[in-house]
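The values are calculated or read from the model by the stated rules, or taken from the named source; none is laboratory data. Just so you know, these numbers come straight off a predicted model, no measurement behind them. Reconstructed Cβ throughout: ideal geometry from the backbone, glycine too, with neighbour counts over all protein chains shown.
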Amino acid sequence: MIPELSGAFGVSALGVSAIVGMFYYGYSPFNLVAGASIDRFGAKRIIPIGAALVGIGAMMFGTGNVTAANVGRFLQGAGGAFAMVGAVYLITKNFPASVAASFIGATQMFGMAGGSAGQFLVGPLIKNGLPWGRFWIFAGIGGLVIGALLLILLPKEQEAESPGTDRENFFTPLKIVFSNPQSILCGLIAGLLFIPTTILAMTWGVRFLQEARGREYEAAVGLAATVPLGWVIGCPLLGFISDRLGRRKPVLMGGTIALFVIVFWVLFGDPTIFRGPAVGILMGIASGAAMLPNTIIKEANPPKLGGSATGVVNFINFTFSALLGPIFGARLERSPENADVAVLAHHQSGFQPLLYGIALAFILSLFLKETGPAAKKEPG
């Protein structure tokens, strides 16, 4: 929607990117709020609030007012933080550890299915005349309906009883999780592996394919949408493999290596590979490894802190996107020379730091402790 949003808000593509990026400024810190709140008060009292915030934020974004759009995107991020944290909390409460990675992968699958639908379904609707603002209003109403359904359907829980003040009960779980070095490693690895999806594919992918690879708009939209489609496959698949092996690190490190190779191929490989969806799907499958730190951090911390642990890993993860998104945007907005080769080289140079980040994620994963069920059964 970037061309339509540029015209509606009266700003450049970089300005639209800044407005869209407000999502991460809400999402990152509210992961901590969501995690601690759900651990303290339970899912039924907290998760519907998140859905309602997303709905209100979507309707504000659809007004076409720049100020309202910024606030709306922030609210979407703040409310969206409750989704993954709430899902992992429910998984921790209701399912055995032996299937945790599979269920967390399935959660990511549904989330990325929405990202894929945003390209495959919404793109053609906008192209065929649906006003972008009306779409956001409808989406906002849908968010409010989902919030009401969650309030009805989620099981009631007893509020956690803990000695101490409300302030201590709220912040102590976060302190425990943050003080665990494994938690920090999980957050850094997840962030470094997720950035190629959020920045290269989902934010700048269409423009990269149009300008650097010479694809038409419709084809570029379709190809960019294959990356979240790959997530739909990769998240549950890698989670299932990890559960079957009873180990997390081999799957995480294998996915990291595969992601490095594919991103390198996307940036520097033969352009004819972009004639089909295979590369985008493979990139999405490999980057599905970024969800495994959500399982590892849960297993590396006390079971009762599942919400806070997920909040911490998502906070660190999406802080990367919030901070680095504008930096990549500024790099890519610098106009290269007019020659086609210069345009391609400009994009390659702009995105090359993503490869350094993936390599760093692999190095950091060497320092993770194995938390899978198989490792726990080993003597000593």
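For the reader, a short list of remarks on this structure follows.
- When 104, 49 are checked against the criterion of being under 22 Å from residue 155 (Cα atoms) and either among the polar types (S, T, N, Q) or buried (at least 22 other Cβ atoms within 10 Å of the Cβ) (or both), a single residue qualifies: 104.
- Taken residue by residue, segment 31-45 has at least one member that is buried (at least 20 other Cβ atoms within 10 Å of the Cβ), closer than 19 Å to residue 323 by Cα and not hydrophobic (A, V, I, L, M, F, W, C).
- Search result, residues across segment 49-87 that are of a type in the set (Val, Ile, Thr) and over 13 Å from residue 19 (Cα atoms): 49, 54, 56, 63, 85
- Index of the failed condition, residue 314 passing every other in (1) crowded, with 19+ Cβ neighbours inside 10 Å; (2) modelled with pLDDT of 90 or more; (3) under 30 Å from residue 37 (Cβ atoms): (2)
- Matching residues in segment 264-316 - criterion: being over 21 Å from residue 30 (Cα atoms) and of a type in the set (Gly, Ala, Ser): 269, 276, 278, 280, 284, 286, 287, 288, 289, 300
- Any hit, segment 282-303, residues being free of Cβ contacts under 8 Å to residues at least 12 places away in the same chain and either more than 30 Å from residue 222 (Cβ to Cβ) or basic (Lys, Arg) (or both): no
- Within segment 56-68, the set of residues being in a helix (DSSP H, G or I) and surrounded by fewer than 24 Cβ atoms within 10 Å (Cβ to Cβ) comprises 56, 59, 60, 66, 67, 68.
- Failed item in (1) outside any helix (DSSP H, G or I); (2) modelled with pLDDT under 90, with residue 247 passing the rest: (2)
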